[in-house]
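Trainee: One structure, as C-alpha cells, below. Some questions next.
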Amino acid sequence: MYYEIHGTGHPLILVHGGLGSSDTLGQIVPELSKSRQIIAVDLQGHGRTGDIDRPMSYEAMADDVAALIQYLGFEKPDVMLTRLGAKSLFVPPSNIHGNKKTDNCLGHVSAR
C-alpha cells in the first residue's frame, strides 16, 4: 500500500474516496500537517497502489489500513474518511476496532 507521511504530531490517516487517490486530498495536507502527522494512503487499485490478486472488497481495504496502522506503530490514530474510505473502515475488519464514522468524518481507529 502506497502512503506518504507529512508533518509531526498526533497521526491523522487520510483515506480517499472511490475512484480517487491520496492526491484528491492533497490540497488539505499542507494545512493539516502544520499541527498533525498526516498519513495519506492509496487504497488497493487506486493511485500508486497496484491491484493485487485478491478480490477488491471493503474488508480487504480495511485490513490494509489496519495493517498500516500496526506497521507504523500507532496506538489510536485519527482517521479522516471519505465515502469509499468510510465504507472500508465501517466494515468490521479482522484487526481494527474502535469508533468508526461514515461519510467525510473524523474518527478514532486502533489496531488490536
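Here, each number is a calculation from the coordinates, and none is a lab measurement. The model shown is predicted, which means the values in this text are computed figures rather than measured ones. Note that we place each Cβ from the backbone using ideal geometry, even for glycine, and neighbour counts take in every protein chain shown.
Trainee: Name the pairs: first residue in region 61-84 and touching a residue at least 12 places away in the same chain (Cβ under 8 Å) and under 14 Å from I39 (Cα atoms), second residue of a type in the set (G, A, S) and in a helix (DSSP H, G or I), Cβ to Cβ under 9 Å, at least 6 apart or on different chains?
Mentor: D64/S88; V65/G85; V65/S88; V79/G85; L81/S88
Trainee: What pairs come out if I take residues in region 45-60 that are over 16 Å from Y2 (Cβ atoms) and without any contact (Cβ under 8 Å) to a residue 60 or more places away in the chain and pair them with residues that are part of a loop (DSSP other than H, G, I, E, B) and among the charged types (D, E, K, R) whose C-beta lies under 7 Å away, six or more apart or interchain?
Mentor: Between residues of region 45-60 that are over 16 Å from Y2 (Cβ atoms) and without any contact (Cβ under 8 Å) to a residue 60 or more places away in the chain and residues that are part of a loop (DSSP other than H, G, I, E, B) and among the charged types (D, E, K, R), there is no close pair.
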